[in-house]
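Trainee: Here you go, one structure.
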Amino acid sequence: MELEHRVEAFVKLGDLLRSYVDENFDDRRLSSEDLEYKNQLSDKINLAKVKNPWFTHDNVNYALNECSKLLNYSIIKEFNEKYNFKIKKSKKVALITAGNIPLVGFHDFFCVLMSGHSVLIKPSSNDTVLLPFLAAYLMDIEPLFANLIEFTAEKLTDFDAVIATGSTNTSRYFDYYFKGYPSIIRKNRNSVAILTGDESHEDLELLSEDIFRYYGLGCRNVSKLFVPKGYIFDSFFKAIYKWHHLINEHKYANNYDYNKAVYLMSEYPILDNGFFVLKEDASMASPIATLNYEYYKDKDQVISWLNEYQDNIQCVVSKGFIENEVAFGETQKPKLSDFADGFDTVDFLLKI
């Protein structure tokens, strides 16, 4: 299958997603087949939410919108220009995907197919609707994909390489089970943000997107905050108040009530605004509806910490603090070249 055909198919998928999330999209650009898939998408989103209540319409639409932005001809072409896609032989790559946020495995799916390989996908039980639906569309508009895409709920067999995403605990199982295969095994990672005290209200509002989008369940969500000694959180709490509606969602509210109760019973000093809890804690990971924070005395202290824990960090969010930082509000808007864990998936796939 020629590279250009793969690109054209994903661009058409991007148009389909844009037609759904963008009310100004001209549906005359769509074929009758496209319109049929567009009409089915609402039902698929409803089904995804039934199977995983964390997959709200707002969050699924957000994920679809971000995918649609990437599936643009010029963006894909620029991305592809970095690689030589002339592989010697197509391989079958097994994907074990996570289910923490909607379509979290889409980037790996895209990379495998764009690299000229076939894909065998074992999806998380929490995310069994959206990716298979998008894959079905690709196979319909480009029949050559039909022999390159397969989903399974059974034990993985007959594959040549694997990309597995899970927790630090499951990674030990993956390391053992796939030790004879070329592999990318991903473990738990978290993201941190660094404040200096000079941030504007707009900066902090953007940061709130990095904290609350997908309820903080993604590895790119900020779970820990560094603030300078003496930092006053009033401006921070004002900026994040736009997310106070989350307390009306029972799953979020249950987590908020539970974690707050645990902290109070343990007599931890906390800051609470009625829907979100801040806890001074050196740990990187924080439960839903909470955020850990740590004071720092100078930049060197933060840089030293980042260097020590770099293998556990997905994103560092700040404004002019370090190189390779992610801007406020951008963690859940990764580019095609923003590979998980900073490891180039396409380069790996072209060498197997």
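Residue-by-condition table, conditions (1) in contact with a Ser or Thr (Cβ under 8 Å, 6 or more places away or on another chain); (2) closer than 23 Å to F237 by Cβ; (3) surrounded by 18 or more Cβ atoms within 10 Å (Cβ to Cβ):
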site	(1), (2), (3)
T152	no, no, no
T165	yes, no, yes
R172	no, no, no
Y181	no, no, no
I194	yes, yes, yes
E205	no, yes, yes
V222	yes, yes, yes
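Trainee: Filter the stretch 1-14 for residues that are of a type in the set (D, E, K, R) and surrounded by fewer than 17 Cβ atoms within 10 Å (Cβ to Cβ); which is modelled with the lowest pLDDT?
Mentor: Per the stated criteria, the residue is E2.
Trainee: Sticking with this one: So which residues in the stretch 154-163 are out of contact with any Pro (no Cβ under 7 Å at 6 or more places or on another chain) and either open to solvent by 50 Å² or more (accessible area, probe 1.4 Å) or of a type in the set (A, V, I, L, M) (or both), if there are any at all?
Mentor: E154, K155, L156, T157, D158, D160, V162, I163
Trainee: Which ones in the stretch 33-61 are in contact with a Pro (Cβ under 8 Å, 6 or more places away or on another chain) and either open to solvent by 70 Å² or more (accessible area, probe 1.4 Å) or of a type in the set (A, V, I, L, M) (or both)?
Mentor: A48, V60 - these are the residues of the stretch 33-61 that are in contact with a Pro (Cβ under 8 Å, 6 or more places away or on another chain) and either open to solvent by 70 Å² or more (accessible area, probe 1.4 Å) or of a type in the set (A, V, I, L, M) (or both).
Trainee: Sort out which residues of the stretch 331-346 are in a helix (DSSP H, G or I) and open to solvent by less than 60 Å² (accessible area, probe 1.4 Å), and write them in order of number.
Mentor: A340, D341, T345, V346
Trainee: Sticking with this structure for a sec: What number of residues within the stretch 289-318 satisfy the criterion of being without any contact (Cβ under 8 Å) to a residue 12 or more places away in the chain and over 24 Å from K187 (Cβ atoms)?
Mentor: Of the residues in the stretch 289-318, 3 are without any contact (Cβ under 8 Å) to a residue 12 or more places away in the chain and over 24 Å from K187 (Cβ atoms).
Trainee: So if I check each of K297, K260, K242, K238, which one is at pLDDT 95 or above, out of contact with any helix residue (DSSP H, G or I) (no Cβ under 8 Å at 6 or more places or on another chain) and open to solvent by 60 Å² or more (accessible area, probe 1.4 Å)?
Mentor: Of the residues listed, the single one that is at pLDDT 95 or above, out of contact with any helix residue (DSSP H, G or I) (no Cβ under 8 Å at 6 or more places or on another chain) and open to solvent by 60 Å² or more (accessible area, probe 1.4 Å) is K297.
Trainee: For the stretch 20-32, does any single residue satisfy the condition of being part of a helix (DSSP H, G or I), of a type in the set (G, A, S), open to solvent by 70 Å² or more (accessible area, probe 1.4 Å) and out of contact with any Leu (no Cβ under 9 Å at 6 or more places or on another chain)?
Mentor: Yes: one or more hits.
Trainee: What's the number of the only condition in (1) crowded, with 19+ Cβ neighbours inside 10 Å; (2) under 21 Å from H107 (Cβ atoms) that F328 fails to meet?
Mentor: Evaluating F328 over (1) crowded, with 19+ Cβ neighbours inside 10 Å; (2) under 21 Å from H107 (Cβ atoms) leaves (2) as the failure.
Trainee: Being touching a Ser or Thr at 6+ places or on another chain (Cβ under 8 Å), modelled with pLDDT of 95 or more and under 17 Å from K333 (Cβ atoms) narrows it down to one residue among H107, H117; which is it?
Mentor: Just one listed residue meets the conditions, H107.
Trainee: Just a yes or no: is a residue in the stretch 34-45 within 19 Å of the chain's Cα centre (by Cα) and under 22 Å from N100 (Cα atoms)?
Mentor: Yes, the stretch 34-45 contains a residue that is within 19 Å of the chain's Cα centre (by Cα) and under 22 Å from N100 (Cα atoms).
Trainee: Considering each residue of the stretch 22-67, count those that are touching a residue at least 40 places away in the same chain (Cβ under 8 Å) and not acidic (D, E), and give that number.
Mentor: Residues meeting the conditions: 21.
Trainee: If Y214 satisfies every condition in (1) at negative phi; (2) surrounded by 15 or more Cβ atoms within 10 Å (Cβ to Cβ); (3) modelled with pLDDT of 95 or more but one, which is the exception?
Mentor: Y214 satisfies all of (1) at negative phi; (2) surrounded by 15 or more Cβ atoms within 10 Å (Cβ to Cβ); (3) modelled with pLDDT of 95 or more except (1).
Trainee: Find all pairs meeting these conditions: Cβ atoms under 9 angstrom apart; at least six residues apart or on different chains; first residue within the stretch 229-241 and closer than 16 Å to F275 by Cβ and in contact (Cβ under 8 Å) with a residue 40 or more places away in the chain; second residue of a type outside the set (S, T, N, Q) and part of a helix (DSSP H, G or I).
Mentor: Listed pairs, sorted by first residue: F236/L204; F236/L207.
Trainee: Considering K49, K86, which residue is at pLDDT 95 or above and of a type in the set (K, R)?
Mentor: The conditions single out K49.
Trainee: Just need a number here: residues in the stretch 316-326 that are in a loop (DSSP other than H, G, I, E, B), within 12 Å of I194 (Cβ to Cβ) and not basic (K, R).
Mentor: 5
Trainee: Okay, next question. When you look at K91, is it open to solvent by 40 Å² or more (accessible area, probe 1.4 Å) and at pLDDT 95 or above, yes or no?
Mentor: Answer is yes for this residue.
Trainee: Identify the single condition in (1) surrounded by fewer than 18 Cβ atoms within 10 Å (Cβ to Cβ); (2) in contact (Cβ under 8 Å) with a residue 60 or more places away in the chain; (3) within 25 Å of T152 (Cβ to Cβ) that Y83 does not satisfy, given that it satisfies every other one.
Mentor: Here Y83 meets the rest and fails (3).
The values are calculated or read from the model by the stated rules, or taken from the named source; none is laboratory data. The model shown is predicted, which means the values in this text are computed figures rather than measured ones. In this analysis, Cβ positions are derived from the backbone assuming ideal geometry, glycine residues included, and neighbour counts consider all displayed protein chains. With ligands, DNA and RNA removed, areas are computed over all heavy atoms of the protein, side chains included. Shrake-Rupley method; radii C 1.70, N 1.55, O 1.52, S 1.80 Å.
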